[in-house]
1. Suppose the filter is hydroxyl-bearing (S, T, Y) and more than 30 Å from P192 (Cβ to Cβ); does T396 pass it?
2. So which residues in the range 31-51 are at pLDDT 85 or above and of a type outside the set (D, E), if there are any at all?
3. Examine the range 411-420 for a residue that is of a type in the set (D, E), closer than 22 Å to F351 by Cβ and modelled with pLDDT under 95, and state whether such a residue exists.
4. Scan the range 246-266 for residues that are crowded, with 18+ Cβ neighbours inside 10 Å and within 16 Å of the chain's Cα centre (by Cα) and report the count.
5. Going through the range 457-483 one residue at a time, which ones are surrounded by 12 or more Cβ atoms within 10 Å (Cβ to Cβ), of a type in the set (F, W, Y) and assigned to a loop (DSSP other than H, G, I, E, B)?
6. Out of the residues in the range 224-245 meeting the condition of being closer than 22 Å to L292 by Cβ and of a type in the set (S, T, N, Q), tell me which one is surrounded by the most Cβ atoms within 10 Å (Cβ to Cβ).
7. Would you pick out the residues in the range 351-378 that are part of a helix (DSSP H, G or I) and closer than 17 Å to L338 by Cα?
8. Within the bounds of the range 133-151, is there any residue that is in a helix (DSSP H, G or I), modelled with pLDDT under 85 and not charged (D, E, K, R)?
Amino acid sequence: MVIVSLFNAIRATRLAYLQRKHPTLRDNDLIPQLTRYCLKEGYMEKTGPTHREPFKKRWFTLCSMNRKLLYSKNPLDATELGAVFIGTESHSYSASESSGRSSRGGRWNCGIMLQTPDRQYVFMCEQHQEQKEWLEAFRKIISQPMTPEDYATKVGKTSLIMSLVSEEFPTVVPYRAEEITIPADVTPERVPTHIVDYSEAEQTDEQLFQEISKANVICIVYSVNNKTSIEKVTSHWLPLINDNTDKDSRVPLILVGNKSDLVEHSSMETILPIMNRHSEIETCVECSAKNLKNISELFYYAQKAVLHPTGPLYCPEKKNMKLLCVKALTRIFKVSDLDNDGILNDNELNFFQRTSFNIPLESQALEDVKNVVRKNLSEGVRDNGLTLKGFLFLHTLFIQRGRHETTWTVLRRFGYDDDLELNQDYLFPPLKLPPDCTTELNHNAYLFLQSVFDKHDKDRDCALSPEEMKDLFDVFPYMPWGPDVHNTVCTNDQAGSPTRDISPSGR
């Protein structure tokens with residue numbers, strides 16, 4: 001009687017567990033799983049992903065409830081060596097006979113080919129009857145429609161979204177989360193964020209491609225405890241996204257390793273080579289929807305990838321800044337070099353600092369910056385000032401250390417847009433002029449223009465030579481005057497160079 005009571009208690013506990021795990025299924029569908037939850041068990045031989053590896057004998061269990069083929073060395077092993085999720089035919093899953101002619105080291109010749117979207121699995125059975133039974137079991141699973149729970153047991157991307165919004169791990173996970181808008185006032189970057197989930201159970205490939213084309217950033221979620229999901233990043237998702245985005249304006253990507261609570265190791269050793277090969281990947285974040293680890297950080301990095309992308313600034317393959325970024329920072333250096341001596345002294349560094357960040361640097365902070373440059377670049381500091389090479393090195397260091405926002409703040413304060421072109425509003429600020437009115441320069445404008453002229457009149461002859469004129473307009477996107485300038489402004493008698501007595505009227 002005690003044994004019967006214990007047995008019934010176990011069955012009741014398992015039924016309660018199945019009811020929570022599969023809330024959409026009826027009890028009549030769950031009861032058969034209480035004592036018989038595997039569709040097929042037995043030994044088969046298995047080879048590796050290239051089909052060139054030796055075959056190894058493994059114990060396989062095909063679970064119909066979670067659609068997984070588990071394998072281990074022995075039937076009574078506490079943990080399995082791996083698992084294969086089996087979807088439906090509409091999701092590119094199939095099972096067929098396979099010849100044994102390609103086997104290496106295998107003793108059995110009754111082959112099975114299990115096709116998944118990520119890989120072809122080859123198994124060998126000892127007898128034809130075993131092969132037939134396994135094929136029937138596989139095809140039965142493949143023919144069954146997938147439930148919401150089947151999708152929810154994958155990498156956990158929908159759980160991540162729901163954990164962010166509710167700040168707790170969801171007990172019931174839908175096919176996909178509804179589109180969510182996070183207001184600007186609750187985000188670190190002060191911008192609204194729209195989060196769009198995708199579910200292959202509810203949406204078509206065409207809908208996926210449309211969402212990719214509209215996205216500002218894409219998060220690719222994988223499970224840190226599932227090698228297959230990591231492999232799918234490079235075998236499926238990266239090619240799919242690249243095929244559906246413009247090569248010249250790739251969308252920044254964030255790799256997200258979910259379920260970090262299930263493992264004690266990090267997946268970064270596997271992920272870093274992938275990041276090095278694909279420059280569109282901004283960063284990787286390991287997190288856990290279950291214990292809320294790094295959930296907020298994940299979406300912060302996604303915002304950061306949009307507002308402060310690496311792509312326009314830096315080439316990871318060459319490990320240096322891109323040409324447009326160098327050109328923009330060179331202009332900013334020259335604008336900040338108030339005495340035009342090719343060095344930013346402490347006063348000029350503080351002018352640059354106040355322009356960019358609205359606060360000056362303390363004397364010790366200035367010295368610390370120069371010491372960092374001195375330590376790494378011999379030509380970076382001269383006469384206790386920062387050279388152009390030192391200025392560019394400093395921003396390269398910011399980018400390499402993940403502080404893209406520092407360089408982007410500087411670029412935007414000096415008028416650059418996301419394509420590193422000067423904004424039209426910066427080049428042509430709107431000037432509201434009442435009807436029948438004209439404009440002219442005031443006293444402060446005269447003084448400014450005189451200081452700009454004196455800055456570039458290096459030989460102090462009160463005239464700008466062609467070289468000095470070129471140096472003056474080097475910070476402009478183009479030369480505003482043509483050869484006719486010599487016929488419209490005051491020039492000296494010797495070389496026809498414009499003098500400081502240029503007519504200041506601006507009508």
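The values are calculated or read from the model by the stated rules, or taken from the named source; none is laboratory data. Please read all numbers here as calculations on a predicted model, not as lab measurements. Cβ sites come from the backbone with ideal geometry, for glycine too, and all protein chains shown count toward neighbours.
1. Considered against the rule, which asks whether it is hydroxyl-bearing (S, T, Y) and more than 30 Å from P192 (Cβ to Cβ), T396 comes out as yes.
2. Within the range 31-51, the subset at pLDDT 85 or above is 39-47.
Hits for the range 31-51 are L39, K40, G42, Y43, M44, K46, T47.
3. The first filter runs over the range 411-420 and keeps only residues of a type in the set (D, E), leaving 417-419.
Of the ones still in play, those that are also closer than 22 Å to F351 by Cβ are none.
The answer is no, given that none of the residues of the range 411-420 is of a type in the set (D, E), closer than 22 Å to F351 by Cβ and modelled with pLDDT under 95.
4. Residues in the range 246-266 being crowded, with 18+ Cβ neighbours inside 10 Å and within 16 Å of the chain's Cα centre (by Cα): 8 in total.
5. Across the range 457-483, the qualifying residue is only W481.
6. First, the residues of the range 224-245 that are closer than 22 Å to L292 by Cβ: 224-226, 229.
With the extra rule that they be of a type in the set (S, T, N, Q), the set shrinks to 225-226, 229.
On the way: N225: 17, N226: 20, S229: 24.
Top of the filtered list is S229.
7. As a first pass, look at the range 351-378 and keep what is part of a helix (DSSP H, G or I): 351-357, 363-376.
Answer for the range 351-378, where residues must be part of a helix (DSSP H, G or I) and closer than 17 Å to L338 by Cα: F351, F352, Q353, R354, T355, S356.
8. The answer is yes; a qualifying residue exists.
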